[in-house]
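Below: one structure, written as structure tokens.
All of the numbers you see were taken from the coordinates with simple rules; none came from a lab. The structure displayed is predicted, hence computed values, not measured ones. Please note: Cβ atoms are built from the backbone with ideal geometry, for glycine as well, and neighbour counts cover all protein chains shown.
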Amino acid sequence: MELDITYTFDNSTDNMSEESGDFDLDFQEPCGRVLSSEFNKIFLPTVYGIIFFLGVIGNGLVVVVMGYQKKVKTMTDKYRLHLSVADLLFVLTLPFWAVDAAKSWYFGGFLCVSVHMIYTVNLYSSVLILAFISLDRYLAVVRATNSQATRKLLASRVIYVGVWLPAAVLTVPDLVFARVQDKGSSNFHFFDESMETGDSRIICQRIYPQETSLIWTVVFRFQHILVGFILPGLVILVCYCIIIAKLSQGAKGQALKKKALKTTVILILCFFSCWLPYCVGIFLDNLMMLNVVSQSCELQQAVETWISITEALAYFHCCLNPILYAFLGVKFKKSAKSALTAGSRSSQKVTLMTKKRGQISSVSTESESSSVLSS
């Protein structure tokens, strides 16, 4: 299951018989499709199931704790809630893709379009929110004295224009092109590594017109790399590098600064470790599709397997987000424990909601450091 990989049949080419069901892909005939398909039928459902289980528990707990507190009082809390909602909605689409990878698409046309749109909006929004969090941490640590108004504006209003609106706009191709189709009766041309000749299977994919299929596929893949990785990655890298330089100065609060530096490095490494391999894979596949890189069966099989594995690694980042941005905060863990243990006792809920702000306000991994350096 890949957001930006599209597939078509070509029933009109001269070198394809109607009875055989073979493809003409306008370059070398694909090889190793059956092997790739069998690998995906086992690997993808297994990994998607694990990500779904961990993601629902982690992000669901964050949403429950935030809702239990009733009021989101800090910018950190607001970003954490946005991020957990995005990740939670994203992992809720994975069971559909797991069934699709293992067997076929059984859920009809409406759910095909809906799941594609939910998948896309939350895939992009979660990555863009991480960029906003890094920008907020930069303002809190480096611009501590005069950044409060800007931080409030970013967390309360700009995030909708800078995150949710672009993510929603990027679902337009899903609305236009996503559809259900029996792959045995298609008049379009697909690049589907999971398809096997002679196998009747319902698919839910973005289906582009035959004459422009390659162009659409390449354009949307480059869009995914640019908007989903390069732009937010640059913001994250620049902001956190400046934060590291700032925290490395001076001798005051060295123990807390060392912890903050360690956490900041972990955040950077986790983001790029999860997303960089996948983006490299689809970038290389794009170059092969454009004939910039010469193709071979061995290289094609290796790239397809690499994309399947690194795609799952990239999605696993939504399971790490609750740990990196919530559970490492000491006060958040206290709030979570209180919320879970007070579920059956309404009196404890009243007590939790009337605590002082400092007791109920959860602290992110970065804000633990910035609390010493800024308000």
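Straightening the chain between Tyr106 and Thr46 buys 19.7 nm, computed as 0.36 nm per residue apart minus the Cα-Cα spacing. Label region 51-126 by shape, choosing from rounded, prolate and oblate, from the square roots a ≥ b ≥ c of the eigenvalues of the Cα gyration tensor; if a/c is under 1.5 it is rounded, and otherwise prolate applies when a/b is larger than b/c, oblate when it is not. Cα axes put region 51-126 in the prolate bin. Applying 1/(1 + (r/R0)^6) with R0 = 56 Å to the Cβ-Cβ distance of Val265 and Glu298 gives a FRET efficiency near 0.95.
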